[in-house]
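The values are calculated or read from the model by the stated rules, or taken from the named source; none is laboratory data. Not measured: the values here are computed from a predicted model. We place every Cβ from the backbone using ideal geometry, glycine too, and count neighbours over all the protein chains shown.
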């Protein structure tokens, strides 16, 4: 597969279920595209996850191996991937979102004894901005969710919800059904924008919060249309932050993903994950199943952070596509280093990422990296293979200077590389 964080012009030789480190390298989490629910007929199709070899549970298991699944429909939405998130929330020249004029419910300040009242106020504020997205395609139909983010009728959802759609219908909070047009998609981030003509009464527009300010343990609500059951609200907490969630073969990575235990199910894709101030802080996109029993793993869901949405959505609205990816770019082709490759190539180390090719004029070339160098560390993070290198770069921003430790023959070098920006469409 092609590594989206470097300019790989040759396939990389790693396996589909390569473990992807999250916050601790010892964790082994395997990800994959999701089976979900079709609207017609309303039954769950069988899931066929790729399973790691060997028995799943033998003795003490330090981390549950999971298969992540897209929370929408089977068959319609293969081949997508997630992109990378920067800290920027706007792109020069991309325009800005226009907030609504429809009055929204007021959320009281959270105190020690008014949690229920605050929840009810948050739901009253946000739920009118969450819509049902009905999609018809050549091979079936499906249901997803979306969030109104602009008073002109722009709605954000997941790319996998609308991919291949021949017809898109949006159902508003009050039951009004409206035809929607696809404005543009960003498959790398699994985001899409659709547009409706606003009714004369106007639209309730969601407020995008600052996902960089989230704290593990804070309360959140998930609002969407699980299993086609409209306007469903579930609650939970932020379970973890900064997850780099890798899908495996053919997929990409959600950087800085928000992990939550708020129940999310097929149909929640594209909906809202909100904080207790009524701000949308994420777009629920992935849930997990236990690959041994092929059943949902309770309380393990992931959302695309709102800061990434705020960065991408205005570009799609203005241009119909993404013009600035905001993703770090090194400019090399890589291969995994293991004991076999180390012996074949007479390398000094049996781990790391071997540079196969350096793109002329790219950041790596400008800094002096060469084909044959083995990258073993970036800043203070070890690089054991190409995937771990991607997981490091996914959380770095263009313009950042990275200290890249390499082996060049028997010599250890540290080369400072000023990362570029991955070109749109790469």
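Quick notes
- Of 197, 185, 157, 176, all but one fail to be farther than 29 Å from residue 261 by Cβ and crowded, with 23+ Cβ neighbours inside 10 Å; the exception is 185.
- Exactly one residue out of 313, 303, 272 is closer than 13 Å to residue 238 by Cα, crowded, with 24+ Cβ neighbours inside 10 Å and within 19 Å of the chain's Cα centre (by Cα): that is 303.
- In the range 322-366, the residues that are at positive phi and out of contact with any strand residue (DSSP E or B) (no Cβ under 6 Å at 6 or more places or on another chain): 326, 331, 346, 361
- Verdict on residue 337 being free of Cβ contacts under 8 Å to residues at least 60 places away in the same chain, surrounded by 21 or more Cβ atoms within 10 Å (Cβ to Cβ) and outside the structural domain of residue 207 (by TED's automatic domain parsing): yes
- Residue tally, condition at pLDDT 75 or above and farther than 22 Å from residue 328 by Cβ, over the range 242-265: 7
- Of the strands (runs of 3 or more DSSP E) that lie entirely inside the range 166-220, those containing 2 or more residues that are assigned by TED's automatic domain parsing to the domain that holds residue 285 and in contact with a helix residue (DSSP H, G or I) (Cβ under 8 Å, 6 or more places away or on another chain) span 177-186, 191-195.
- Qualifying residue in the range 331-348 (condition: assigned to a loop (DSSP other than H, G, I, E, B) and closer than 19 Å to residue 188 by Cα): yes
- Test for residue 227: is it crowded, with 24+ Cβ neighbours inside 10 Å, modelled with pLDDT under 95 and either within 14 Å of the chain's Cα centre (by Cα) or over 17 Å from residue 129 (Cβ atoms) (or both): no
- Any hit, the range 103-123, residues being surrounded by fewer than 21 Cβ atoms within 10 Å (Cβ to Cβ) and at positive phi: no
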